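K.L.:
Handing you this structure, nothing more for now.
The values are calculated or read from the model by the stated rules, or taken from the named source; none is laboratory data. It should be emphasised that the depicted structure is a prediction, and the values quoted were computed from it without experimental measurement. Counting neighbours? That spans all protein chains shown, and the Cβs are built from the backbone with ideal geometry, glycine included. All accessible areas refer to the heavy atoms of the entire protein, side chains included, with ligands and DNA or RNA removed. Shrake-Rupley method; radii C 1.70, N 1.55, O 1.52, S 1.80 Å.
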Amino acid sequence: MRSLGAVVAVLSLAFWGCEKKAAPAPAPTKAPEVAAAPAESDTILIGEVGSLTGSEAAFGISTKNGIALAVEEANAAGGVKGKKLEVRVYDDQSKPEEAANATTRLITQDKVKVVLGEVASSNSLAMAPIAQEKKVPMITPSSTNPKVTEVGDYIFRVCFIDPFQGFVMAKYARDELKFGKVAILKDVKSAYSVGLAEVFERKFTEMGGKIVATESYSKGDSDFRAQLTALKKQKAEGIYVPGYYNDVGIIARQAKELGVKAVMMGGDGWDSDKLFELGGAAVEGAFVSNHYSAEDPSPVVQNFITKYKAKFGSVPDSLAALGYDSAQVAIEAMKRAPDLSGPALRDAIAQTKDFQGVAGKISLDDKRNAVKPAVVLKVKDGKFAYVATVNP
Amino acid sequence: MLRSLTPVAIAIAVLALVQVLLNTFEMEFVSVLAMKVGISVILAVSLNIINGMTGQFSIGHAGFMAVGAYTASALTLTLADYRLSFLPPALSDQVYFVLALLVGGAAAALAGFLVGLPSLRLRGDYLAIVTLGFGEIIRVVVQNSPSLGGSLGLNNVPGYTTVAMVWFWAFVVVLLAFRLSQSPHGRALWAIREDEVAAEAMGVDTTGYKVRAFVVSSFFAGVAGGLFTHYLRIATPAKFDFMLSMEVVVMVVAGGLGSTTGAATAAIFLTLLPEGLRTLFRSVGPEDGSWADKVDQVRMPIYGLLLVIIMLTRPQGIFGRHEVWDRWLKPKKKPVPA
Amino acid sequence: MYGFLQHVINGLAAGTIYALVALGYTMVYGVLKLINFAHGDVMMVGVYVGYAVAFLLGRDSLGSTGSVLLIFAASMAACALLGFLIERFAYRPLREKPRLTALITAIGISFALSYGFQLDAQVNVRGTQVTLLPGAAARAFPEIITPVEWLNIGDGEVVIWNRQVISFLIAIGLMVGLQYLVFRTRFGRAMRAVSFDHRVAALLGIPVDRVIAMTFMLGSSLAAAAGLLYAIKDTSVQPLMGLYVGLKAFVAAVIGGIGHVPGALVGALALGLCEEFVVGYTNSSWRDAVAFGFLIVVLLLRPEGLFGRVQAEKV
């Protein structure tokens, strides 16, 4: 109907000049989406979009495991409102456009109540406008770019944001490592990397340090020697590489090969065992900021690790922990909400306060972000070792 | 004039009715499918003008799609804050959208002209590689334009695309392709396809005709790009890569190089098939949906094999250069030049 | 200055790989007048074969000369077989058809291989998981040649590794060998005859099918060698690696004049250096535009390439 109006309007513009001749009655505003009519099934569908294949597959799989664990526990405890929960996962092949596609499918075809995902900020940014438009709440477990939740009031996250993460690493590099000159190598194909690099540069400069060079790559490249050679000339003490594990591993190796001696630093995108497989000895001694450390002795964390190990046979990384947290926040909100319509669920999620998640206490602020401490980890003997905690 | 406007008027009426029905019954998923299919049809039919009718093998269609997509998206994003005061907001948006699509199409057509003029002097396989190269260069240029969001692309593109809008354009391109193929202009294209040297000897300005065909094809690729980004709500350079071009090529080749209805049929079929399979596997496949997830991954290798098999068994494609109904209409149908 | 030197070394290392792949392109084009689009993907398959062999050998036995030779031999043999099969079943039936038909087929094969290898397929054989298809994620390629620093100027300012030199020497060696093969042997003479006109060659008693099949096998095993050197250089392997390397090698072959062996080497080294300088001194995201920009300029200004000869079109 709207298009008819448009076409008639265009024709009228073309034939009779652009004034007057208002098109026929305006289209009836879109049918109300509130659709509170409860689906007459005995399960509640939770949608998940994740990179199960492609360059960041390790992220998607960890997150999926975390979510599966949370849902399994919730179902064992009787489900929500007398119904069982079911997760429907779509793979986005680590591509934003596929993430958008998957979100559309989850909402229009499967009619999920809430969407969980994605890890990479670029992908979450592709999903958010769709969830917002269709008024389905979306919780991203681990997208740290601030723009994600700025899309609208249906978009939430259970992790800290990049202005904080960038600050943490800049502060650590300046105060603890005493670096004066740092170079940056960022992935221009990821919103996460670009955003984090920008924050780091600003904070580090504010603290009196100097950014001596900024180079870029695109995720999926396999030869980084040209950029590293250009960086090497600057004699930086550290190189900040806010990228994803699969590229970082290769970058570290080639840096070593070229005789780059600077200390590598990064963010939560490094967090996967694949990093050690790809990077080998070359990533030893690097520092990263992250959401949680598996060495945290608190019972919540250790309990989660035991359960996760029993089910999946590996130590959960922070993506798994955040996936678990995001599903728990969603489930808790479903329990509290009067019904499962989009607006009701949104309000319930927004009220989340002091929720004890595995990766720290979650209180959502008025910008729908979680405010949480970050940890700094050091790569030692092929795994991440805890170094320090930085509070916001 | 009246003769050429009647079908358009009928189409608009029918599409409007369909849109009203879809909105009333809230058939969101059907709408999504219909939009996807329609965009594929526009792409396939427009590429067929080059690859089928003119016999020039372009594998850079995604590049022109990108030009249109980015131009249209940038325009609607800039205009999003304004509205025509004498129209209700929704309608004003659609007016902007049509405007953006036309500008996007024009930009793509211009790109097609700039690319076509030098490269259409090349023949056969070299032309194919050069169109691929241009497609990639367009992508890299977009990637390096901070105003277009660089590699991250444009987010939050308004979701203006509607089923009626998509199918209106699909209708226009199909109608145009038919009229073109039966016009003197179209005959020149067919002549170039059959034997370029002979056509030139007969006085056909081959380069001129090829460039014009390229421009028309690019225009609709640009429109399809605009429709696509306003459906997906994001424009990223990575989407408009070689793979997307190849998907369209597969549709054209499978449908039959030179058959408009063939290309459209193949586009509909190849777009619906993965969706259908996915739904099927959800209901009958293993519980965890692993088969359904595989559908998207298996699609590309199967397209590859499909190309090989079609070339080996039926190189002219399923319909050849015939239209779907030629089998029944052949005896009496004698196209009258306009 | 040191930076510039290091850039030159990096560029030559990249160019060497393009050169080896481009040799295969050039040979096949010379004989069949076919752009073998799937060449890069055959290379990718070769790398995965090498990966599998290295994996089976185990970490401890890597690094020895024997294991390197074994990996190269297995990978090259597998690719020769693959090249043979592709030629026999996909290209040979189309030899008398328009050239475009074969090109579309080649693109189809390229797609089937590069996207087929992105699938995950594992089977369980008596308790051990056997991976049939590797999946899309990049994997670390094992260090089958133990890296040794051969040259280190100014305390790590300029570093040359053994494998860079080895790759370069292999590329030069293979090119000389190929030149000898084409111009000094019976087989080479047959190749050139087939290239000139395969119908006439057949009339003269040259076994055209066998010559073409041999050319394909030779080109494919060259690709396998190139692929392994590439994987050693960049320490990783992923299914899409063949697509772009293949395209760039094709560009290199066109720059040098397609069908011309030393031309391919010169074109490839020029391309490698050019890419390196563009990334090193400007912005990395222009890298892919360089090759295609080069290609378009060459095709528009001098379609026969730097060293090629103009051929009049037969009507």
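K.L.:
Could you check the stretch A:116-141 and list, in sequence order, the residues that are open to solvent by 10 Å² or more (accessible area, probe 1.4 Å), out of contact with any strand residue (DSSP E or B) (no Cβ under 8 Å at 6 or more places or on another chain) and not in a helix (DSSP H, G or I)?
P.N.:
A:Lys135 - this is the single residue of the stretch A:116-141 that is open to solvent by 10 Å² or more (accessible area, probe 1.4 Å), out of contact with any strand residue (DSSP E or B) (no Cβ under 8 Å at 6 or more places or on another chain) and not in a helix (DSSP H, G or I).
K.L.:
So, one more: Enumerate the pairs (first residue in the stretch C:118-142 and away from chain A (no Cβ under 14 Å); second residue anywhere and small (Gly, Ala, Ser)) with beta-carbon separation below 6 Å, excluding pairs fewer than 6 apart on the same chain, so at least 6 apart or on different chains.
P.N.:
Listed by first residue and then by second, the contacts come to C:Leu132/C:Ala121.
K.L.:
If I go through the stretch A:276-290 residue by residue, how many of them are open to solvent by 10 Å² or more (accessible area, probe 1.4 Å) and either under 20 Å from A:Ile61 (Cα atoms) or in contact (Cβ under 8 Å) with a residue 40 or more places away in the chain (or both)?
P.N.:
Residues in the stretch A:276-290 being open to solvent by 10 Å² or more (accessible area, probe 1.4 Å) and either under 20 Å from A:Ile61 (Cα atoms) or in contact (Cβ under 8 Å) with a residue 40 or more places away in the chain (or both): 5 in total.
K.L.:
Now for a separate question. Being facing another protein chain (nearest Cβ under 8 Å), within 11 Å of the chain's Cα centre (by Cα), aromatic (Phe, Trp, Tyr) and closer than 24 Å to B:Leu127 by Cβ narrows it down to one of C:Phe250, C:Phe292, so name that one.
P.N.:
C:Phe250
Yes or no, residue by residue, for (1) within 14 Å of chain C (Cβ to nearest Cβ); (2) assigned to a strand (DSSP E or B); (3) open to solvent by 20 Å² or more (accessible area, probe 1.4 Å):
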site	(1), (2), (3)
A:Val194	yes, no, yes
A:Ala197	yes, no, no
A:Phe204	no, no, no
A:Ala213	yes, yes, no
A:Ser216	yes, yes, no
A:Asp221	yes, no, yes
A:Gln227	yes, no, no
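K.L.:
Out of the helices (runs of 4 or more DSSP H) lying entirely within the stretch A:299-382, which hold 2 or more residues that are open to solvent by less than 60 Å² (accessible area, probe 1.4 Å) and closer than 29 Å to A:Val283 by Cα?
P.N.:
A:299-312, A:318-336
K.L.:
Could you check, for the stretch A:235-253, whether at least one of its residues is at the interface with chain C (Cβ under 7 Å from one of its Cβ atoms) and either closer than 14 Å to A:Lys186 by Cβ or free of Cβ contacts under 8 Å to residues at least 24 places away in the same chain (or both)?
P.N.:
The answer is no; no qualifying residue exists.
K.L.:
Sticking with this one: Exactly one condition in (1) surrounded by fewer than 24 Cβ atoms within 10 Å (Cβ to Cβ); (2) closer than 14 Å to B:Val216 by Cβ; (3) within 14 Å of chain A (Cβ to nearest Cβ) is false for B:Arg83; which is it?
P.N.:
Of the numbered conditions (1) surrounded by fewer than 24 Cβ atoms within 10 Å (Cβ to Cβ); (2) closer than 14 Å to B:Val216 by Cβ; (3) within 14 Å of chain A (Cβ to nearest Cβ), the odd one out for B:Arg83 is (2).
K.L.:
Then there's this: In the stretch C:199-216, how many are open to solvent by less than 60 Å² (accessible area, probe 1.4 Å), in contact (Cβ under 8 Å) with a residue 40 or more places away in the chain and not β-branched (Val, Ile, Thr)?
P.N.:
2
K.L.:
Now a separate question. Could you tell me whether B:Ala90 is in a helix (DSSP H, G or I), in contact (Cβ under 8 Å) with a residue 40 or more places away in the chain and open to solvent by 20 Å² or more (accessible area, probe 1.4 Å)?
P.N.:
no
K.L.:
While we're here: Name the single residue, out of those in the stretch C:135-155 being in contact with a Ser or Thr (Cβ under 8 Å, 6 or more places away or on another chain) and of a type outside the set (A, V, I, L, M, F, W, C), that is surrounded by the most Cβ atoms within 10 Å (Cβ to Cβ).
P.N.:
Taking the candidates together, the pick is C:Arg139.
K.L.:
Could you say which residue among A:Val148, A:Val136 is within 15 Å of the chain's Cα centre (by Cα), hydrophobic (A, V, I, L, M, F, W, C) and outside the structural domain of A:Trp270 (by TED's automatic domain parsing)?
P.N.:
A:Val148
K.L.:
Another question about this same structure. Restricting attention to the stretch A:266-275, does a residue exist that is surrounded by 20 or more Cβ atoms within 10 Å (Cβ to Cβ), charged (D, E, K, R), under 13 Å from A:Val379 (Cβ atoms) and more than 10 Å from every other protein chain (Cβ to nearest Cβ)?
P.N.:
Yes, the stretch A:266-275 has at least one match.
K.L.:
Right, something else. Hey, C:Glu275 hits all of (1) surrounded by 24 or more Cβ atoms within 10 Å (Cβ to Cβ); (2) touching a Lys or Arg at 6+ places or on another chain (Cβ under 9 Å); (3) more than 14 Å from chain A (Cβ to nearest Cβ) but one; which does it fall short on?
P.N.:
Condition not satisfied by C:Glu275: (3).
K.L.:
Buried (at least 24 other Cβ atoms within 10 Å of the Cβ) and out of contact with any strand residue (DSSP E or B) (no Cβ under 8 Å at 6 or more places or on another chain): which single residue out of B:Ala177, B:Ala191, B:Ala238, B:Ala198 fits that description?
P.N.:
Of the residues listed, the single one that is buried (at least 24 other Cβ atoms within 10 Å of the Cβ) and out of contact with any strand residue (DSSP E or B) (no Cβ under 8 Å at 6 or more places or on another chain) is B:Ala177.
K.L.:
Out of the stretch C:138-157, which residues are under 26 Å from C:Val68 (Cβ atoms) and either assigned to a loop (DSSP other than H, G, I, E, B) or among the β-branched types (Val, Ile, Thr) (or both)?
P.N.:
Within the stretch C:138-157, C:Ala138, C:Phe141, C:Pro142, C:Glu143, C:Ile144, C:Ile145, C:Thr146, C:Pro147, C:Val148 qualify.
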